[in-house]
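The block underneath contains the structure these notes are about, expressed in structure tokens.
The values are calculated or read from the model by the stated rules, or taken from the named source; none is laboratory data. Worth saying up front: this structure is predicted, and the values here are computed from it rather than measured. All Cβ positions, glycine included, derive from the backbone under ideal geometry; neighbour counts span all protein chains shown.
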Amino acid sequence: MVQHPGPDREFADWAKKMKLRWIGVDCGSADHPMNTIIRNWMPRQAKMAEKVFQKKFHKSLEEFFTDDKYQLMHLEMFPAHILHAECLGGDIDLLLNRRVQVGFFPWRFVDGESSIGRCVAFVEDDEYEKLMAKKATMPKSKFGDCYEVKHVESLEKLTKANLA
């Protein structure tokens, strides 16, 4: 839950230049978890991340995530009217590396600053049938979501290499 990447200043500048309206991520935060309060809430994971950052970037977490970058995806993108949806899931692996039309339908929450919602990918009917046939052949998580084995293996390999 707290070992996911997070965009940097270069991405934030690019997103603003491209005039993106919103982004979606399949993890708990659009920011790197060590660039949020999670660094303080989960000291054991922060200690592990510290080792990775020292090895990979020769910098501590504090040196890498300076105050001007703190919660970059939240504090800098929202004023630029670039929203994000977090914890996207479901059969997202069916759509890896593809362009699709996406709709996000938030729950009506008067005067709220965030909300749950439904995120939907739209594909043509014939493509939907093909995707459902592919899903039937794929392994499923305990929640019934399909996943691409090679994708999971590559993530596990990367995580293991970073923690070595």
Qualifying residue in the stretch 149-164 (condition: over 22 Å from the mean Cα position of the chain (by Cα), farther than 25 Å from R21 by Cβ and assigned to a loop (DSSP other than H, G, I, E, B)): yes
Tally, over the stretch 110-155, of residues that are more than 23 Å from G28 (Cβ to Cβ) and in contact (Cβ under 8 Å) with a residue 12 or more places away in the chain: 6
Residue list for the stretch 117-141, restricted to those being surrounded by 10 or more Cβ atoms within 10 Å (Cβ to Cβ) and of a type in the set (V, I, T): V120, V123
Residue within the stretch 99-113 that is surrounded by 11 or more Cβ atoms within 10 Å (Cβ to Cβ) and in contact with a helix residue (DSSP H, G or I) (Cβ under 6 Å, 6 or more places away or on another chain) present: no
Inter-residue pairs, beta-carbon under 9 Å, first acidic (D, E) and in the stretch 95-109, second in a loop (DSSP other than H, G, I, E, B), 6+ apart: none
Listing of helices (runs of 4 or more DSSP H) fully contained in the stretch 12-85 that carry 3 or more residues being assigned by TED's automatic domain parsing to the domain that holds N162: none
All positions within the stretch 1-11 that are among the charged types (D, E, K, R) and assigned to a loop (DSSP other than H, G, I, E, B): D8
Subset tally (residues that are under 17 Å from the mean Cα position of the chain (by Cα) and charged (D, E, K, R)) for the stretch 13-38: 3
Options L72, L83, L61; residue that is farther than 22 Å from R118 by Cβ, within 15 Å of the chain's Cα centre (by Cα), buried (at least 16 other Cβ atoms within 10 Å of the Cβ) and in contact (Cβ under 8 Å) with a residue 12 or more places away in the chain: L72
The stretch 108-125: number of residues that are over 21 Å from the mean Cα position of the chain (by Cα) and assigned to a loop (DSSP other than H, G, I, E, B): 7
Residues (within 25 Å of M18 (Cα to Cα) and either assigned by TED's automatic domain parsing to the domain that holds S29 or among the aromatic types (F, W, Y) (or both)) located in the stretch 93-110: F104, F105
